[in-house]
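A.B. asks: Structure below; questions to follow.
Here, each number is a calculation from the coordinates, and none is a lab measurement. From a predicted model like this one, the values you see are computed outputs, not experimental measurements. FYI the Cβ positions are ideal-geometry reconstructions off the backbone, even for glycines, and counts take in every protein chain you see.
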Amino acid sequence: FVLVLPDTDGAGAEHFANELRKEIGALTMTSEHGSFNVTISMGVAEFPADGRCRNELLERADQALYFCKEHGRNCVRRWSQVG
C-alpha cells in the first residue's frame, strides 16, 4: 500500500512511519491458535528529492522497503539512506 503525506518532508514521513510501526507492533492479535504480534516494515521516498514522477518514487520506496526486509524487518528506511 502507499501513503501520501502532503506537506511532509522525508524526515517527517520517516517519523510518521516509525510511529505507525510502533502502534502496529503494540497490538496483540488473537486467533484460535493463540496470540501474536504483527510487525511492519516501510520504505519512504520523498518528492522531489528522491524522484520526480510517481513510478520513480514507488520504485525507490520499494527499494528502501526491501532493504528493511533484508536487514531484520520491523523498521523504516528512507531511500536516501539506502539508495
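A.B. asks: What net charge do the residues around G10 carry, taking every other residue with its C-beta under 13 Å from that of G10, with Lys and Arg at +1 and Asp and Glu at -1?
C.D. replies: Value of the local net charge: -2.
A.B. asks: Something else about it: For Cα pairs less than 8 Å apart in space and 6+ apart in sequence, what is the mean separation divided by the residue count of the chain, i.e. the relative contact order in percent?
C.D. replies: 29 percent
A.B. asks: Tell me the mean residue ellipticity at 222 nm calculated for the chain from its helices only (DSSP H runs of n ≥ 4, each -39500 (n - 2.57), averaged over every residue, nearest 500).
C.D. replies: For the chain, the value works out to -14500 deg cm²/dmol.
A.B. asks: Need one number: nm distance between label points at D62 and L20, each 7 Å from Cα along Cα→Cβ, rounded to one decimal.
C.D. replies: The two pseudo-label positions are separated by 1.8 nm.
A.B. asks: Hey, another quick one. Counting only other residues whose beta carbon sits under 13 Å from that of S80, what net charge do I get with K and R as +1, D and E as -1?
C.D. replies: Net of charged neighbours comes to -1.
A.B. asks: Among E23, E56, E32, which one moves the most in a GNM of the chain with springs linking Cα atoms closer than 10 Å?
C.D. replies: Between E23, E56, E32, it is E32 that shows the largest mean-square fluctuation.
A.B. asks: Can you pull the semi-axes for the chain, root of five times each eigenvalue of the Cα gyration tensor, sorted largest first, whole Å?
C.D. replies: 27, 13, 10
A.B. asks: Roughly what angle does helix 54-70 make with the longest principal axis of the chain, taking Cα atoms, 0 to 90 degrees, to the nearest 10?
C.D. replies: Computed tilt is about 40 degrees.
A.B. asks: Follow-up. Would you grab the residues whose amide H sits under 5 Å from the one on V76? Only those 5+ places off in sequence or on another chain, please, with H modelled 1.01 Å from N.
C.D. replies: M42
A.B. asks: Compute the long axis of helix 10-26 from its Cα atoms, compare it with the longest principal axis of the Cα atoms of the chain, and write down the angle in degrees, 0 to 90, nearest 10.
C.D. replies: So the helix axis and the longest Cα principal axis differ by about 10 degrees.
A.B. asks: Summing +1 for each Lys or Arg and -1 for each Asp or Glu, what net charge is found among the other residues whose Cβ lies under 12 Å from the Cβ of A64?
C.D. replies: -2
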